[in-house]
Structures are given as structure tokens and as C-alpha cells.
Amino acid sequence: MARVNNSIFEELKTLRLPEGISILAGGQKESDLRYGKQVYGGLSLSVVVIFFILLFHLKKLKLTFLMMYSLLYSLLGASLGLTLGGHELGLTGLLGLISLMGIIARNGIIMVDYAEELRTVGEGNGPMSAEQAILLASKRRMRPIFLTSAAASMGVVPMVIENSPMWGPMGVGIFFGTIFSMVFILTMIPVGYSLIMKNEDNNNQA
């Protein structure tokens, strides 16, 4: 729909209109032009706020950057969903990305925070190595991460089914973004955590 609108307006630009008469966009294009800057600003602010929240909670810059890197997984899933649904990003798609980043950050914190607890405090046998801690954390936190992702993705199914030009981008972005990010969080974050904290364990032992 957006491509059709853009092509129409390109054709309208070639028209010679009488003096004092102009053509303005309406509907979704008008909303994108009016509120687009605000939403882009909100998206940038959300990234900054999430960064400092993670840094305050994890207290390690390397882990914070690892978690921020995981936010990119949402872009992969959302872009795939938008492509399959035949949508462009648009205003509601950006709003969906903001919501999606919060979901991904929460899922990552669930796993990494528990792994840090196991690595520093441990259980019955004392503190664990980084590899043991993240492996056990992945197993025990798999269910809550899956449930969180499943609930978020199922909640937007009506938007996906309706596939409207306005709410379709938001629905497919959140749906595919949560599914893909869940898989990557359960696989890539443990690998990254193990590599980062393994070096720290080696330095502590030395």
C-alpha cells in the first residue's frame, strides 16, 4: 500500500496545478509524516534508557553490550515478518519495535542475571564456572523465556490475521520478532556470555 501511495504522489507531482491549489497526503501517510520524527526520537530514547538500565543492573559493560547486541535479533525477525506480510515499516511498525526491544531485554536479563548468581554465589557446591553457570541458567530459564515470547506473539495474532496496512506492520513485527529473538537468546547469548566471562574467570584465577 505504501509503495502504491508513493508512486501515486510521484505522478501527482508532475501535474500543473492552478495557483493557490496544492495536494496534501492523508490517511496513514499523513500520520507518518506528522508523528514520524516523534516515534524515531522515542525509539532512540528507548535504546538509551534500556542501555543504562542494563548497565545499572548487570554492573558490567561487556555484559551490557552483549545484551544490547541481542536487540538486533528483533530487527532480523521483524524484517522477515514485514517482508512475508508485504508491509513496509511505517509508524506502527516502529512502535512494535519499541515494544519488542523491551521483551527481548527482559528475556535476556532473566537468563544472564541467573547465570551471574550461579557464577558468583553458586548452589550447593559453591560458585560455578562461566560455562557451567550459563548452561544451567539456559536450561532453567528456557521455560519462562518461552512463555513470555509465546504470550507476546500470540497476543498480536489478530493483527497478523487482519493484515491491515495500519496495524499489520506492528503485528507481524512483534510476532516474528519475538519468535526469532527467543531462538537467538537461547543460543547466541549463552555463547557470548561464556566467551566473555570465561576470560574474566581466567584472569581471576591468574
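Worth pointing out:
- Distance in nm between pseudo-label sites at residue 109 and residue 164 (7 Å out along the Cβ direction from Cα): 3.2 nm
- Per residue, the solvent-accessible area of region 99-177 (1.4 Å probe, heavy atoms of protein chains only, all protein chains present) comes to 49 Å².
- Protein-only accessible surface order, largest first, of 140, 16 at 1.4 Å: 16, 140
- Potential lengthening between residue 198 and residue 129 on full extension [0.36 nm per residue; Cα-Cα distance subtracted]: 24.1 nm
- With θ taken as phi - 60° and the Karplus curve 6.51 cos²θ - 1.76 cosθ + 1.60 applied, the whole-hertz 3J(HN,Hα) list for region 82-91 is 5, 5, 5, x, x, 10, 9, 4, x, 5 Hz, x standing for glycine and proline.
- Rounded to the nearest Hz, the phi-derived 3J(HN,Hα) couplings of region 149-157 under the Karplus curve 6.51 cos²θ - 1.76 cosθ + 1.60 (θ = phi - 60°) are 5, 5, 5, 5, 6, 5, x, 9, 4, where x marks glycine and proline.
- Going by accessible surface with a 1.4 Å probe and the largest first, 196, 21, 174 read 21, 196, 174.
- In this label model, residue 65 and residue 121 are separated by 2.9 nm, measuring between points 7 Å along each Cα→Cβ vector.
- Computed label-point distance, nm, for sites residue 43 and residue 76 using a 7 Å Cα→Cβ extension: 1.9 nm
- Base-10 log of normalised Debye intensity for region 33-166 (one unit scatterer per alpha-carbon) at q = 0.20 Å⁻¹: -1.21
- Under 5 Å between amide hydrogens, built in the peptide plane, is the criterion, and for residue 88 it picks out 2 among residues at least 5 positions away or on other chains.
- Rg of the Cα atoms in region 63-121, relative to 2.2 N^0.38 Å, amounts to 1.40.
- Quotient of Cα Rg and 2.2 N^0.38 Å for region 106-206, N being how many residues it contains: 1.37
The values are calculated or read from the model by the stated rules, or taken from the named source; none is laboratory data. As the structure is a prediction and not an experimental result, all values here were calculated from the model. Note: ideal-geometry Cβ built from the backbone for every residue, glycine included; neighbour counts use all protein chains shown. Note: areas computed on protein heavy atoms with side chains; ligands, DNA, RNA excluded. Shrake-Rupley method; radii C 1.70, N 1.55, O 1.52, S 1.80 Å.
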